Amino acid sequence: MNPENVNCNMLAFQAIAWFLKLKEMFISKFGSPPKFYVRAPGRVNIIGEHIDYCGYAVLPMAIEQDILAAVEPLETQVVQLANTNPLYLDFTANAANIQIEKTKPLWHNYFLCGLKGIQERFNLSSPHGMNCLIDGTIPPSAGLSSSSALVCCAGLVALNVNGLTLSKVELAELCAKSERYIGTEGGGMDQSISFLAEEGTAKLIEFSPLRATDVKLPTGAVFVIANSCVEMNKAATSHFNIRVMECRLATKLIAKSQGQDWRNLLKLGDVQTKLGVGFEEMLTLVEKILHPEPYSREEICECLGISLQELRSTILSQNTQDVCSFKLYQRAKHVYSEAARVLQFKKVCDEAPANALQLLGALMNQSHASCRDMYECSCLELDQLVDICLKSGAIGSRLTGAGWGGCTVSMVPADKLTGFLASVRDAYYKTDGQRLGLPKKSLFATNPGGGALVFLEAEKM
Ligand code: ADP
Ligand code: NG1
């Protein structure tokens, strides 16, 4: 038996032990065994940050860490939710009357988003209830999409509890839409990769229509995730939605200046499509039309010829109603340059030239600089961690996910991995008492994992 087989068997053994533990917990909680299980993975975005909601392609891969649900459908409409993590308290709801809390949402609200999405899609008047126990290994609020994995898991649970079917693409679109019930105006990358991922390959995810294309990552390099240990909950703050609104406003100002139907355009990608020009032309337009100084609400209203009341009611989201100034130039510069970098990254992966690692690393580094300086979605700890990763041997390193905390992703030559991990551990984790216990879970190499799955009690082993 070669070491690879031993590793495989170890993993299978760990998975079986994990399921047995979950099943035992389920029985002690609900008094009967689960009928089926659902898993939905988290993801790491390799490049393409904060551009999915502008309509542009992104390049993520699923990770091994996931959200797992053990489920027993009920004939009644009672939904009983429990979690293996005692920090996430039990919750009971009526499937026919789902209420989602938006400000500082508790965990069960993400689950309810998935349920509500399925119910609305099929217009279910008497949806089935369920007993459901959730377990999760994705670090929360760390930019690895724990919230979307939970929403996707819930969507797939609700689909099966009600005996319905949908394609993976339909599920991804539905879950992207339903996560917005929580209040964040995300773009769909996380839910798409959670459903469309395939083991062994990263994906280029394109929108409208949604599609996923394999991207063969370069041989000779390993992608390493490092958690800055700074948590950032998107739904509990307005940072994320402010960026979405800034992009929306930039879209409208650029569109209006070009004589386009600005009232019906929401995404920076839409205005580019309308104008039919390339990224360079869009960047030149940004220079020409927008100014680097922040825009006040009054100036925006004047440019668009609308009242403050109209700005608030027709353009701004609920949690950005009182924002007074918006940076449009910087955000648009980031979006158009980042969207171009994603396509360049894919091209280098496809063509695999001799200097592929250098080219890809440079794109990742440019992406981080743009997130930090133009999009302002980094933070001190993330910048410090990126620096440490580069000094420890990474060829490219950047924040991944929404930012303002969370994780970095670094591309490291395979033969330097051991030294890299030791060096980052010493420089970032061992220097801080609070991070000291975390390096094992917070610093790890990752491979492209598979997408969401349902398996019946009898199939799981
Ligand atoms: P992320 O970047 O990981 O998606 P968010 O801040 O958007 O971060 O969402 C994190 C929230 O998702 C947590 O506060 C919690 O409510 C929910 N969540 C994450 N993991 C779990 C889990 N294992 N069980 C229950 N809820 C979870
Ligand atoms: P995370 O990292 O899961 O908070 C968020 C959005 C994505 C995308 C990224 C930034 C949601 C559910 N997810 O991801 O759509 O915009 O930020 O690239 O809103």
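Derivation of every value follows stated rules applied to the coordinates shown; laboratory data play no part. The shown structure was predicted, so the numbers you read here are calculated from the model rather than taken from an experiment. With ideal geometry, Cβ positions are generated from the backbone for all residues, glycine too; neighbour counts draw on all protein chains shown.
Can you give the Kirkwood hydrodynamic radius for the range 215-276, in Å, rounded to one decimal and based on Cα pairs? List each step's numbers first, then the result.
Values: mean 1/r = 0.0671 Å⁻¹.
Hydrodynamic radius (Kirkwood, Cα only) of the range 215-276 equals 14.9 Å.
So if we plug the beta-carbon distance of A236 and A445 into 1/(1 + (r/R0)^6) with R0 = 25 Å, what FRET efficiency do we get, rounded to 0.05?
The calculated FRET efficiency here is 0.25.
On average over all directions, what projected area in square nanometres does the range 320-461 have, based on the convex hull of its Cα atoms?
Working: hull surface 53.9 nm².
Taking a quarter of the hull surface, the average projection is 13.5 nm².
In this Cβ point-charge picture (+1 for Lys and Arg, -1 for Asp and Glu), the chain has a dipole of about 140 debye about its Cα centre. Taking every alpha-carbon pair in the chain and binning the separations at 10 Å intervals from zero gives 4, 20, 29, 26, 15, 5, 0, 0 percent. Shape analysis of the range 120-178 places it in the oblate category; the axes a ≥ b ≥ c from the Cα gyration tensor give an a/c of at least 1.5, with a/b not above b/c.
May I ask what percent, to the nearest 5, of DSSP beta bridges between residues of the chain are antiparallel? Display every interim value, and only then the final one.
On the way: 51 of 56 bridges.
Percent antiparallel among DSSP bridges in the chain is about 90.
Amide H contacts under 5 Å for I46: L59, M61, restricted to partners 5 or more places along the chain or on a different chain, H placed in the peptide plane at 1.01 Å from N. Between amide H atoms placed 1.01 Å from N, distances below 5 Å from N83 occur with I134, all of them 5 or more places distant or on a separate chain.
Pairs exceeding 18 Å between alpha-carbon atoms, taken from K102/K252; K252/K288; K391/K430; K23/K116; K256/K288: K102/K252; K23/K116. Over every Cα atom in the range 266-377, the radius of gyration and the widest Cα-Cα span, Dmax, amount to 17.1, 56 Å.
In order along the range 49-63, the Karplus-derived 3J(HN,Hα) couplings, from 6.51 cos²θ - 1.76 cosθ + 1.60 at θ = phi - 60°, round to 9, 6, 10, 4, 6, 9, x, 9, 5, 10, 9, x, 9, 6, 10 Hz, and Gly and Pro are given as x. Segment N355..L417, full-extension length gain: 20.4 nm, with 0.36 nm per residue of separation and the alpha-carbon distance subtracted. When peptides 394-403, 408-417, 71-80 are ranked by their average number of other Cβ atoms within 10 Å per residue, the highest-first order is 394-403, 408-417, 71-80. Estimated from the Cβ-Cβ distance and a Förster radius of 45 angstrom, the FRET efficiency linking E299 and T431 is about 0.50.
Sorted from fewest to most neighbouring beta carbons within 10 Å, what does the list C113, C324 look like?
Details: C113 26, C324 9.
The most exposed by this proxy come first: C324, C113.
Order of E179, E185, E457 from fewest to most other C-beta atoms within 10 Å? Walk me through the intermediate numbers first.
Numbers: E179 27, E185 19, E457 16.
So the residues, fewest neighbours to most, are E457, E185, E179.
Simple spin-label estimate for I16 and D214 gives 3.1 nm between the two label positions (7 Å along the Cα-to-Cβ direction from each Cα).
How much of the calculated P(r) for the range 155-265 lies past 24 Å, in percent of all Cα pairs?
49 percent
One chain, two ends: Q309 and S167. Fully extended at 0.36 nm per residue, the span grows by 47.0 nm beyond their Cα-Cα distance.
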